[in-house]
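Peer 1: One structure is given below, represented as structure tokens, and several questions about it will come after.
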Amino acid sequence: MKKVLVIGSGAREHALAQAFLRSKQVERVIVSPGNDGMTDDGIQIESVPVTDLERLRDLALTQAVDLTFVGNEEPLTLGIVDVFQKVGLSIFGPSRAAAQLEGSKSFTKNILEKYNIPTAQSVTVTSLSAASKAVDTLGLPVVFKLDGLALGKGVTIVNDKTQVSDYLSELYTRDSHAKLVVESYLDGVEFSIFSLVGHNGVVTHAPIAQDHKRRFDHDKGPNTGGMGAYSPVRWISDETQDRAISELVMPTIKAMSEEGTPFTGVLYTGVMLTKDGPKVIEFNVRFGDPEAQVVLPQYMGDFYELIDKLHQGKDVTPSWQKDDVYVGVVLAAEGYPESPITGALVPKVEDVAPLLINYAGVKNGMASGGRVATVVAHGQDATTAQQKVYDKIKQLITDLQYRQDIAYQAVQHENK
């Protein structure tokens with residue numbers, strides 16, 4: 001029987017742990033640092049932070065872990081895969097060099113432009129004057145992307161000159177040499193493709209997802225790490241998905257190899273379907289959160305076997321459900337994302353049964369962070385799944401906050 005280590009602490013890592021636990025080959029799943037809510041599933045929690053690469057390596061060695069799966073982006077950009085591989089540990093994820101696809105927006109734009117992969121026009125700048133000039137060149141609205149990791153909150157869309165002035169003044173007062181990608185605004189429909197990249201093959205056709213980044217209903221308010229998601233996105237055609245994979249995903253994987261930084265692990269391609277076709281918005285080098293919570297339950301095979309075979313360069317035959325739509329709604333602390341108020345009572349597994357719940361910021365049954373849990377329902381269509389999840393959430397006794405319109409795009413398409 002196998003032992004698996006999942007690195008991270010949120011609802012995404014909880015969903016990953018559950019996926020591995022469904023495997024008949026897996027005896028134990030360890031999550032580090034995890035959170036208290038995961039223990040209801042019999043998951044072993046360890047307290048090693050995601051940034052302590054050496055202690056995580058030692059944990060995998062002392063626990064005789066057979067496979068490590070990195071859920072969180074930070075240790076990937078710090079080079080955890082390189083650290084584990086040096087001592088012969090099996091770990092699924094990109095090297096530090098390949099993780100730059102998420103860790104550096106400018107690195108990604110250079111790859112996309114060099115290999116003519118469709119994306120928004122952009123300029124990378126390191127000064128206030130250069131940023132202002134780039135805005136003049138690209139026009140409004142314009143997108144600002146901070147170069148490093150920003151935990152899903154590093155993208156700002158500005159629509160007028162006053163907003164531009166305020167944003168740039170604040171940024172360059174704080175850091176006079178801040179590296180900023182200034183990008184033309186793409187108009188269209190956004191969706192996410194998840195590709196599992198092994199040493200000798202790629203699983204490209206996982207169910208696509210659509211998440212909801214804005215804090216409030218009708219896509220109002222500040223950007224967050226994600227307030228909910230649904231999958232599959234049935235109103236985006238198979239032909240569009242195939243085109244995005246062939247024009248965006250596969251050329252990027254090939255480009256990374258040609259650059260001497262071959263990619264393995266989870267490649268998350270954020271796609272904007274414009275009037276000119278699909279274009280890359282961003283790459284992440286791990287599953288999305290909350291997308292993982294609605295994609296992973298759709299895997300019908302043995303998830304451990306899938307990842308293990310990909311890691312070993314063996315052929316795989318993935319199996320995803322086709323019948324239902326999964327809708328996940330994030331429960332967040334009041335005041336999230338600016339100033340989350342901790343201490344709210346968190347619903348228990350039995351409170352949401354028979355629906356799924358994945359825990360994030362939970363300690364001793366109370367909210368300890370911004371995003372606290374994701375409640376997931378599925379049904380024959382998005383309308384049914386949405387109704388199920390909100391019917392259950394409205395029965396809960398909690399002060400946690402949530403959007404009330406997750407999957408609205410799909411519901412609108414179904415009820416035209």
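No lab work stands behind these numbers, since they all come straight from the coordinates. Here the structure is a predicted model, which means the values were calculated and not measured. Don't worry about glycine lacking a Cβ; one is built from the backbone with ideal geometry, like all the others, and counts go over all protein chains shown.
Peer 1: Stretched out fully, how many nm does the piece from Gln63 to Ser129 gain, at 0.36 nm a residue minus the Cα gap?
Peer 2: Details: separation 66, 0.36 × 66 = 23.76 nm, distance 5.31 nm.
Fully extending the segment from Gln63 to Ser129 adds 18.4 nm.
Peer 1: Compute the distance in nm between two label points, each set 7 Å from the Cα along the Cα-to-Cβ direction, one at Lys348 and one at Gln312.
Peer 2: If labels sit at Lys348 and Gln312, their model points lie 4.1 nm apart.
Peer 1: Using the number of other C-beta atoms within 10 angstrom as an exposure proxy, rank His311, His378 with the fewest first. Intermediate results must be reported in sequence, preceding the final value.
Peer 2: On the way: His311 19, His378 23.
So the ranking, lowest neighbour count to highest, is His311, His378.
Peer 1: Where is the GNM fluctuation largest for the chain (alpha-carbon springs, 10 angstrom cutoff): Ile397, Ile91, Ile253?
Peer 2: Ile397
Peer 1: Let me ask another. Can you figure out the FRET efficiency of Asp166 with His218, using R₀ = 22 Å and their beta-carbon distance, to the nearest 0.05?
Peer 2: Working: r = 24 Å, r/R0 = 1.08.
Here the calculated transfer efficiency is 0.40.
Peer 1: Is there a quick way to get the dipole size of the range 188-269? I mean about its Cα centre, with the Cβ of Lys and Arg at +1 and of Asp and Glu at -1; what is the value in debye to the nearest 20? Before the final figure, lay out the partial values.
Peer 2: Details: 7 positive and 10 negative charges, 63 e Å.
About 300 debye.
Peer 1: Mind sorting out which of (1) 26; (2) 22; (3) 17 is the real percent of Cα pairs over 36 Å apart computed from the coordinates?
Peer 2: Answer by label: (2).
Peer 1: Here's a follow-up. Mind checking which aspartates and glutamates have their C-alpha under 19 Å from Lys114, skipping anything on the same chain fewer than 8 residues away?
Peer 2: Partners found: Glu102, Asp147, Glu183, Glu247, Glu258, Glu259, Glu282.
Peer 1: Give me the extension gain from Arg22 to Tyr185: residue separation times 0.36 nm, minus the current Cα-Cα distance, reported in nm with one decimal. Spell out each step's value before the answer.
Peer 2: Details: separation 163, 0.36 × 163 = 58.68 nm, distance 4.18 nm.
Contour length minus the Cα-Cα distance gives 54.5 nm.
Peer 1: Share of antiparallel DSSP beta bridges in the chain, in percent to the nearest 5? Display every interim value, and only then the final one.
Peer 2: On the way: 57 of 73 bridges.
Taking every DSSP beta bridge with both residues in the chain, the antiparallel ones total about 80 percent.
Peer 1: How large is the charge dipole for the range 200-316, taken about the Cα centre, if only the Cβ atoms of Lys, Arg (+1) and Asp, Glu (-1) carry charge, to the nearest 20 debye? Walk me through the intermediate numbers first.
Peer 2: Working: 12 positive and 17 negative charges, 72 e Å.
Roughly 340 debye, rounded to the nearest 20.
Peer 1: Over all distinct alpha-carbon pairs, what is the Kirkwood Rh of the range 151-270 in angstrom?
Peer 2: Details: mean 1/r = 0.0585 Å⁻¹.
So the Kirkwood estimate lands at 17.1 Å.
Peer 1: Let me ask something else. Expressed in nm to one decimal, what extension gain is obtained for the pair Asp175 and Glu113 from 0.36 nm per residue of sequence separation less their Cα-Cα distance?
Peer 2: Details: separation 62, 0.36 × 62 = 22.32 nm, distance 2.71 nm.
Gain on extension, Asp175 to Glu113, equals 19.6 nm.
Peer 1: Quote the charge dipole size of the chain about the Cα centre in Debye, to the nearest 20; the model charges only the Cβ of Lys and Arg (+1) and of Asp and Glu (-1). Display every interim value, and only then the final one.
Peer 2: On the way: 40 positive and 52 negative charges, 48 e Å.
Computed about the Cα centre, the dipole is about 240 debye.
Peer 1: Among Ser47, Ser9, which comes first, second and so on when ranked by fewest other beta-carbon atoms within 10 Å?
Peer 2: On the way: Ser47 11, Ser9 25.
Ordered by Cβ neighbours within 10 Å, fewest first: Ser47, Ser9.
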